[in-house]
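Here is the structure we will look at.
The values are calculated or read from the model by the stated rules, or taken from the named source; none is laboratory data. Being a predicted model, the structure only gives us computed values, none of them experimental. Backbone-built Cβ (ideal geometry, glycine too); neighbour counts: all protein chains shown.
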Amino acid sequence: MTQVVTIEQKMVDVLLAVELTRIAWSKEALHIGLVGGDGDYVAAVRAARDAGAIVRLFYVKTRETSVAPELFDTVDERVDLTSIFQDMEEGKPIPEK
């Protein structure tokens, strides 16, 4: 059972990487947001940047999650959502901008 989940998850990663690259090269978007931390996205992020896209990484730091250092270094911008999620868990209202 675990092997099937792993294969399905890997396929999702591949599909997301392909879509990220396609969107960048087709110029459908000049700014692309990526929510995740898997190092498997590094090549796709590089390809998107080569196409002229700005890639922004949205991430949450917890004991269970991490961002691959190479991915963190490869993206153009980084947005740490940790405090927003901590506030949500504590029932605090999310500040509006």
Anything in the range 1-57 that is modelled with pLDDT under 95 and touching a Ser or Thr at 6+ places or on another chain (Cβ under 8 Å)? List them, or say none. Gly37
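I'd like the full set of residues that are in contact with a strand residue (DSSP E or B) (Cβ under 7 Å, 6 or more places away or on another chain) and either closer than 24 Å to Ser66 by Cβ or assigned to a loop (DSSP other than H, G, I, E, B) (or both), limited to the range 10-43. Don't jump to the end; show me each part of the working.
Residues of the range 10-43 that are in contact with a strand residue (DSSP E or B) (Cβ under 7 Å, 6 or more places away or on another chain), as a first pass: 20, 23-24, 30-35, 37, 41.
Hits for the range 10-43 are Leu20, Leu30, Ile32, Gly33, Leu34, Val35, Gly37, Tyr41.
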From (1) under 11 Å from the mean Cα position of the chain (by Cα); (2) under 19 Å from Val18 (Cα atoms); (3) surrounded by 15 or more Cβ atoms within 10 Å (Cβ to Cβ), pick out the condition that doesn't hold for Thr74. (1)
